[in-house]
Amino acid sequence: MESGKLLIAEPSVYRDHYFHRSIVIMVEKKESGFLGFIINKPLSYEIKDILPEIEINLPLYNGGPVEQDSLFFIHNAGHLIPKSIRVDNKLFWGGEFEKVIALVNDGVLSSEDIRFFLGYSGWSKGQLQQEIFAKSWVVVENTFEGKILSYQTERLWKDQMIALGGNYVIWSNTPENPFHN
């Protein structure tokens, strides 16, 4: 598994709080495991609700079940944010947070350039491979690259099901809770 890949949650009738209909962008591979962020699960509040020094309303996302009291971010502004970590050709994560605050407040970075998360998704060594083998995830290339930040989050999982084709197309049209069908 490489940085920049997308994990698409397999269709399921079970309502896993974190990963049901999730798309995870993988941002780092280490000897100890993998780290990524759920990119399509906005929270009901915004970044300025938890950081008053940010003056612009930007959505805040649930990045995953690990360290939910910590703030993380991915962006397409690696050339502007020192100490950013490259995910792919257009996408980065982390960097100097004081610079991020200034760039957001100055209007240089918008919701199409940066996404903030509470928590992250992490897998220990071997764990993700087991989940992929158990058919919990489909792994695909991130053909969006930096533009994934501007994609409509409410359509992302459905559109990925359609792109996968075959039996996945049927799942793209099922309601959030199939028992309400």
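The values are calculated or read from the model by the stated rules, or taken from the named source; none is laboratory data. This one's a predicted model, so the numbers in the text were calculated from it and none came from an experiment. Note: ideal-geometry Cβ built from the backbone for every residue, glycine included; neighbour counts use all protein chains shown. These accessible areas exclude ligands, DNA and RNA; they are computed on the full protein's heavy atoms, side chains included. Shrake-Rupley method; radii C 1.70, N 1.55, O 1.52, S 1.80 Å.
Exactly one residue among Val27, Val66 is buried (at least 18 other Cβ atoms within 10 Å of the Cβ) and farther than 20 Å from Glu154 by Cβ, and that residue is Val27.
Annotation: of all residues in the stretch 102-129 being of a type in the set (D, E, K, R), open to solvent by 50 Å² or more (accessible area, probe 1.4 Å) and out of contact with any helix residue (DSSP H, G or I) (no Cβ under 6 Å at 6 or more places or on another chain), the one that is nearest to Phe72 (Cα to Cα) is Asp106.
The single residue among Ser12, Ser32, Ser44 that is open to solvent by less than 50 Å² (accessible area, probe 1.4 Å) and of a type in the set (Ser, Thr, Tyr) turns out to be Ser12. The requirement of being more than 21 Å from Lys147 (Cα to Cα), of a type in the set (Gly, Ala, Ser) and out of contact with any strand residue (DSSP E or B) (no Cβ under 9 Å at 6 or more places or on another chain) is fulfilled somewhere in the stretch 92-105, by at least one residue. When the stretch 130-158 is filtered for residues that are aromatic (Phe, Trp, Tyr), open to solvent by less than 90 Å² (accessible area, probe 1.4 Å) and either without any contact (Cβ under 8 Å) to a residue 60 or more places away in the chain or in a helix (DSSP H, G or I) (or both), the ones remaining, listed by number, are Phe144, Tyr151, Trp157. Would it be correct to say that Leu71 is aliphatic (A, V, I, L, M), in contact (Cβ under 8 Å) with a residue 60 or more places away in the chain and either part of a strand (DSSP E or B) or under 18 Å from Ile39 (Cα atoms) (or both)? Here the answer is no, as Leu71 does not meet what is asked.
When Glu98 is tested against the conditions (1) assigned to a helix (DSSP H, G or I); (2) modelled with pLDDT under 95; (3) open to solvent by 70 Å² or more (accessible area, probe 1.4 Å), the lone failure is (2).
Would it be correct to say that Ile38 is under 17 Å from Ala102 (Cα atoms), open to solvent by less than 70 Å² (accessible area, probe 1.4 Å) and of a type in the set (A, V, I, L, M, F, W, C)? No, not satisfied. Of all residues in the stretch 69-81, none are of a type outside the set (Asp, Glu), open to solvent by 70 Å² or more (accessible area, probe 1.4 Å) and over 18 Å from Leu109 (Cα atoms).
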